[in-house]
Amino acid sequence: MERKIILENIEVEGIRSLEVYRKNGGYKSIEKALKTMTPDEVVNEVKTSGLRGRGGAGFPTGMKWSFIDKKSGNPRYLVCNGDESEPGTFKDRYLLMNIPHRLVEGMICSAYALGANTAYIYVRGEFKQVIGILNEAIKESYKAGLLGENILGSGYDLDLYVHTGAGAYICGEETALLESLEGKRGNPRLKPPFPAIKGLYGCPTVVNNVETLANIGWIVNNGGEEYAKIGIGRSTGTKLISACGNINNPGVYEIEMGLPVEEFIYSDKYCGGVKGGKELKAVIPGGSSVPILPKELILKTAGGEPRLMTYESLSEGGFITGSMLGSGGFIVYDEDACIVRNTYNFSRFYHHESCGQCSPCREGTSWMESVLHRIENGEGKMKDIDLLVSIASKIEGNTICPLGDAASWPVAAAIRHFRHEFEFHVLHPEIVKNVKHGSLEKYMEVPAVTGE
Amino acid sequence: MSEKQFKHKLYVKKGLDIAFTPETLTKIQTIISHYPEGQQKSALIPVLHIAQEELGGSLNVDIMDYVAGLLNITPIEVYEVATFYSQFYIDPVGKYVIEVCQTGPCAICGGEDIIAYLEEKLQIKVGETTEDKLFSLKAVECLGACGMAPVMQVNTEFHEFLDLKKIDEIIAKLRSESELKKPEELTWKERLS
Amino acid sequence: MFKVTIDNKSIEVEPGTTILQAARMIGGDVVPPAMCYHSELKDSGGKCRSCMVRVAQGSAADPRPMPKLVASCRTEVMDGMVVENLTSPQVVDARKAVVEFLLLNHPLDCPVCDQAGECDLQNLSYENGTSVSRFEEEKRTYEKIDIGNLIQFHPNRCILCYRCVYAADQLTDKRTHGILYRGEKSEISTFIHQAVENDFSGNMIDVCPVGALTDKTFRFKNRVWFLKPMDAHRECTKCSGKATIWFRGDEVYRVTGRKDKYGEVHDFICNECRFEKKESADWTIEGPRKIESYSVINQNHYRNVVIPSVINPIKETME
């Protein structure tokens with residue numbers, strides 16, 4: 001067990017530099033892919049590996065690649081999505097800061113597989129340090145003949161550039177990212193057409209997350225079959241988990257898919273348990289937009305099976321009793337966390353980050369924030385709770401891009417599992433107004449009234 | 001809570017003489033060359049970053065019009081983009097823009113206390129700039145460093161695992177850094193005009 | 001040709017036709033409403049979400065339904081596609097939701113709005129809205145601004161359909177206004193104080209589905225339903241010269257492009273025709289403009305009005 005793919009050798013001093021990275025086996029996949037494999041063979045290995053998009057949606061990467069339009073005659077592009085901004089997620093930043101060549105290597109193989117001669121890495125503007133590190137890495141690779149014309153004498157050319165964002169969560173949505181890359185406002189496009197047909201500058205484009213692309217070198221080296229042996233079922237390989245919140249060891253961990261959630265939270269190898277010896281209250285397992293689950297449901301499924309870190313296990317039970325692996329942003333809440341305040345916080349986030357293009361999201365996110373603000377400040381009414389559920393359901397599925405869903409799921413899930421806390425806020429405005437942080441549980445002996 | 005009474009803020013062109021240095025212009029030409037011919041608009045966001053950094057910390061109409069000219073696009077295309085992205089400041093800001101993350105993971109780890117403490121320490125509210133134009137305080141959404149919560153960035157430098165003592169140290173360091181120069185040297189071209 | 005079935009009615013259309021266009025070819029109740037889509041403006045549509053429909057069968061080759069409702073204005077038909085508009089309760093619900101969202105911050109100032117009587121939002125709300133609002137918050141408000149001396153912009157009424165931006169982009173040589181800021185704070189603006197002055201800028205008024213952009217020369221002059229629209233034309237070097245001129249008695253109150261029954265203008269007119277030619281002598285009158293019989297503009301002009309069946313259930317619930 002305990003195989004590392006992305007963070008392998010992360011502890012080696014100087015691994016950030018090309019020299020040390022190469023000494024430790026880096027860039028071997030380039031030789032193999034460019035000189036001994038056809039692009040389609042690379043695509044097939046990725047298909048075999050079962051690798052799924054690590055940005056959140058979990059779409060099979062090989063399949064996404066196979067959709068790219070090869071007949072149009074237009075240039076093809078590979079774009080790396082490094083606009084990491086989902087609250088709770090900071091894995092890509094960690095990867096890029098520490099081992100940037102893992103991504104560059106993966107991108108060269110991937111661009112070769114797709115027949116792209118230009119690739120961009122879109123990095124969120126706030127990651128200025130990351131941008132510097134990446135540019136340095138790319139410069140080294142050009143110098144070593146790993147980028148540019150006729151890479152390692154293979155006849156294949158690739159130019160790789162870093163593009164900077166400027167603070168917009170929505171640019172993590174792939175078509176908004178492409179708009180932003182074209183120098184426009186980050187308004188998501190209507191799909192279809194999908195980027196694989198009409199992407200950057202109207203040309204066939206594949207957009208992949210940083211972590212997804214960082215896997216490709218390993219897959220080329222060891223074969224898709226070997227990759228698929230790691231993990232469970234359709235959740236193959238490893239996953240970077242960003243662990244944060246009220247835990248002893250926040251940080252980025254590479255786990256093999258299938259690790260029990262309980263072990264991840266309590267083992268000293270990972271989160272190291274809840275901070276300050278407090279009780280676990282709830283977990284958001286895949287970044288702020290996926291449903292929050294109370295302790296009982298995150299450790300075990302409704303059926304009593306241990307919950308595992310896989311796409312399937314975390315979503316077992318649907319949204320009634322399950323959640324999603326999402327981007328792997330694992331946020332842990334201790335017994336003192338106020339779910340209402342946290343839900344308000346996230347709704348403010350989505351309100352702030354809505355691009356404003358389509359009406360349900362533009363108006364709905366603002367409305368939810370207002371209502372939650374009222375409840376959080378002890379000015380809510382019992383009917384506001386159902387109103388929130390209703391607004392969330394009217395945004396969900398009715399918007400151009402998934403931000404609408406991302407904004408409504410946390411609200412709906414918080415009320416689904418912690419309705420009593422919302423009711424408590426409505427029933428005890430005085431307590432709520434005076435207790436801004438932390439737990440209201442200690443006041444909760446007051447019998448909660450359900451319904452109106 | 002967001003203010004519900006919006007006022008159309010109309011900005012004025014001051015007719016300032018805006019120009020990048022030749023070195024910067026070369027840098028911008030390199031950036032433009034990263035994109036296919038005719039797609040120079042792609043360079044807009046990177047160029048606005050440079051403009052904001054080198055021409056006074058925020059973007060006024062004159063700067064944006066200058067950028068539009070450089071990239072051969074219309075001014076409104078620049079305004080549309082500059083107002084969309086959180087990192088671009090349309091109104092003048094202080095020398096040090098302190099942006100504290102207020103989103104979920106930071107909030108449950110004390111991010112809100114950090115904001116309150118900074119408000120008290122700098123004697124300004126979120127969104128304001130100190131009288132000496134040294135500090136602007138902003139509460140921003142997720143900075144993507146939740147594992148190091150609470151976090152903030154000062155201009156583009158990240159500060160992680162914050163506590164009140166660390167804040168004291170950071171502010172003191174910034175103050176002493178700025179004292180190395182006279183206040184006149186601190187105020188940017190734009191604020192002098 | 002592709003065969004598409006919408007609410008059990010079938011039609012054969014050219015590949016590349018959108019669901020909305022196909023529905024308009026069938027006509028009647030199967031036509032979804034559209035607020036932000038305008039067939040003459042490239043890239044418009046998809047934003048307001050009022051035209052969403054359910055695709056119950058993707059195509060004959062791949063009969064799976066589409067997982068989410070789709071914007072009919074921007075989704076092309078496939079051969080054998082089966083679409084549900086009013087026959088899908090999900091669509092009806094979603095449309096109600098969209099109306100609620102669009103009206104949250106809308107001032108509902110129809111009594112003082114020049115667009116009243118020819119407003120797409122008014123029609124949409126009448127057919128899909130409710131009489132009470134669940135929104136208790138303060139509405140978002142802006143001050144109105146003049147964009148030059150011919151057009152007034154009333155931001156409170158704006159539903160951010162982007163039509164005027166596409167119109168300025170595609171009909172004029174240099175766009176000077178656009179969408180600023182983000183999310184709920186988005187607004188149509190010039191950013192700096194600048195008049196939108198261009199020979200074709202007046203078309204922004206015609207493409208605006210609500211009363212956000214209005215003709216300053218017609219402001220508070222009259223109610224549209226008191227006016228008699230006539231199709232007329234004149235020799236014009238700048239535009240087609242095909243317009244609708246609006247009379248009360250012998251007096252011309254305003255000149256607009258010719259709007260079809262979906263509120264779309266297909267022959268855009270220049271500012272000279274729109275703002276400067278307000279004498280009947282300037283125009284060759286062709287005859288009365290045909291206005292849909294249920295429009296309020298036909299008040300007192302038609303007898304035996306047939307109310308489209310879509311309105312009936314709502315009328316019943318209101319009674």
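Annotations
Condition check ((1) in the same structural domain as residue A:53 (by TED's automatic domain parsing); (2) surrounded by 20 or more Cβ atoms within 10 Å (Cβ to Cβ); (3) more than 19 Å from the chain's Cα centre (by Cα)) across all residues:
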{"residue": "A:112", "(1), (2), (3)": "yes, yes, yes"}
{"residue": "A:119", "(1), (2), (3)": "yes, yes, yes"}
{"residue": "A:127", "(1), (2), (3)": "yes, yes, no"}
{"residue": "A:133", "(1), (2), (3)": "yes, no, yes"}
{"residue": "A:144", "(1), (2), (3)": "yes, no, yes"}
{"residue": "A:147", "(1), (2), (3)": "yes, yes, yes"}
{"residue": "A:198", "(1), (2), (3)": "yes, yes, yes"}
{"residue": "A:208", "(1), (2), (3)": "yes, yes, no"}
{"residue": "A:217", "(1), (2), (3)": "yes, yes, yes"}
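- Among (1) in contact (Cβ under 8 Å) with a residue 40 or more places away in the chain; (2) part of a loop (DSSP other than H, G, I, E, B); (3) within 24 Å of residue A:333 (Cβ to Cβ), the one test that residue B:144 misses: (1)
- The set of residues in the stretch A:156-211 that are within 12 Å of chain B (Cβ to nearest Cβ), assigned to a helix (DSSP H, G or I) and of a type in the set (D, E, K, R) contains only A:179.
- Selection within the stretch B:97-113 - surrounded by fewer than 22 Cβ atoms within 10 Å (Cβ to Cβ) and not small (Gly, Ala, Ser): B:97, B:112, B:113
- Strands (runs of 3 or more DSSP E) enclosed by the stretch C:146-264 - at least 1 residues per element that are within 14 Å of chain A (Cβ to nearest Cβ), touching a His at 6+ places or on another chain (Cβ under 7 Å) and surrounded by 21 or more Cβ atoms within 10 Å (Cβ to Cβ): C:187-189
- So residue A:288, is it within 13 Å of chain B (Cβ to nearest Cβ) and closer than 25 Å to residue A:169 by Cβ: yes
- Residue among A:63, A:107 that is part of a helix (DSSP H, G or I) and within 25 Å of residue A:169 (Cβ to Cβ): A:107
- Test: residue in the stretch C:117-126 that is surrounded by fewer than 19 Cβ atoms within 10 Å (Cβ to Cβ), away from chain A (no Cβ under 14 Å) and free of Cβ contacts under 8 Å to residues at least 60 places away in the same chain: no
- Test: residue in the stretch B:47-56 that is facing another protein chain (nearest Cβ under 10 Å), closer than 23 Å to residue A:126 by Cα, over 19 Å from the mean Cα position of the chain (by Cα) and not in a loop (DSSP other than H, G, I, E, B): no
- For the stretch A:327-338, residues that are crowded, with 24+ Cβ neighbours inside 10 Å, under 13 Å from residue B:108 (Cβ atoms) and more than 7 Å from chain B (Cβ to nearest Cβ) total 2.
- Those residues of the stretch B:41-53 which are over 30 Å from residue C:155 (Cα atoms), buried (at least 20 other Cβ atoms within 10 Å of the Cβ) and out of contact with any strand residue (DSSP E or B) (no Cβ under 8 Å at 6 or more places or on another chain), in sequence order: B:43, B:47, B:51
- Residues of the stretch A:106-132 satisfying the condition of being closer than 27 Å to residue B:156 by Cβ and away from every other protein chain (no Cβ under 13 Å): A:106, A:107
- Qualifying position, being in a helix (DSSP H, G or I) and either out of contact with any helix residue (DSSP H, G or I) (no Cβ under 7 Å at 6 or more places or on another chain) or over 17 Å from residue C:127 (Cβ atoms) (or both), among C:61, C:22: C:22
- Subset of the stretch A:393-439 that is part of a loop (DSSP other than H, G, I, E, B) and hydrophobic (A, V, I, L, M, F, W, C) - its residue that is modelled with the lowest pLDDT: A:435
- From the list C:224, C:255, the one residue that fits, being touching an Asp or Glu at 6+ places or on another chain (Cβ under 7 Å) and either hydrophobic (A, V, I, L, M, F, W, C) or at pLDDT below 95 (or both), is C:224.
One line per residue, one yes/no per condition, for (1) in a strand (DSSP E or B); (2) assigned by TED's automatic domain parsing to the domain that holds residue B:56; (3) at pLDDT 95 or above; (4) not hydrophobic (A, V, I, L, M, F, W, C):
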| residue | (1), (2), (3), (4) |
| --- | --- |
| B:132 | no, no, no, yes |
| B:136 | yes, no, yes, yes |
| B:162 | no, no, yes, no |
| B:167 | no, no, yes, no |
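- The condition (being exposed (fewer than 13 other Cβ atoms within 10 Å of the Cβ), small (Gly, Ala, Ser), over 14 Å from residue B:79 (Cα atoms) and at pLDDT below 90) is satisfied by just one residue among B:56, B:38, B:15: B:15.
- Identity of the residue in the stretch C:51-74, at the interface with another protein chain (Cβ under 8 Å from one of its Cβ atoms) and not aliphatic (A, V, I, L, M), that ends up farthest from the chain's Cα centre (by Cα): C:68
- Residue A:353 being among the acidic types (Asp, Glu) and either within 14 Å of chain C (Cβ to nearest Cβ) or under 30 Å from residue A:180 (Cβ atoms) (or both): yes
- Positions within the stretch B:105-141 being among the aliphatic types (A, V, I, L, M) and farther than 30 Å from residue A:329 by Cα, in sequence order: B:122, B:124, B:134
- The number of residues in the stretch B:53-88 that are at positive phi and of a type outside the set (Gly, Ala, Ser) comes to 1.
- For the stretch A:33-91, a residue qualifies if it is over 25 Å from the mean Cα position of the chain (by Cα), surrounded by fewer than 17 Cβ atoms within 10 Å (Cβ to Cβ) and away from every other protein chain (no Cβ under 14 Å), and the qualifying residues are A:35, A:36, A:38, A:40, A:41, A:70, A:71, A:72, A:73.
- Entirely in the stretch A:212-317, the helices (runs of 4 or more DSSP H) that have 2 or more residues that are closer than 18 Å to residue A:331 by Cβ: A:261-266, A:295-299, A:311-315
- Some residue of the stretch B:95-107 being touching a residue at least 60 places away in the same chain (Cβ under 8 Å), outside any helix (DSSP H, G or I), touching a strand residue (DSSP E or B) at 6+ places or on another chain (Cβ under 9 Å) and under 20 Å from residue C:181 (Cβ atoms): no
- Which listed residue, of C:72, C:50, C:59, C:131, is surrounded by fewer than 23 Cβ atoms within 10 Å (Cβ to Cβ) and modelled with pLDDT of 95 or more: C:59
- Hits in the stretch A:356-384 - residues which are out of contact with any Lys or Arg (no Cβ under 7 Å at 6 or more places or on another chain), within 7 Å of another protein chain (Cβ to nearest Cβ), crowded, with 24+ Cβ neighbours inside 10 Å and of a type outside the set (Ser, Thr, Tyr): A:362, A:363, A:367
The values are calculated or read from the model by the stated rules, or taken from the named source; none is laboratory data. Given the structure is predicted, the values throughout are model-derived calculations rather than measurements. All Cβ positions, glycine included, derive from the backbone under ideal geometry; neighbour counts span all protein chains shown.
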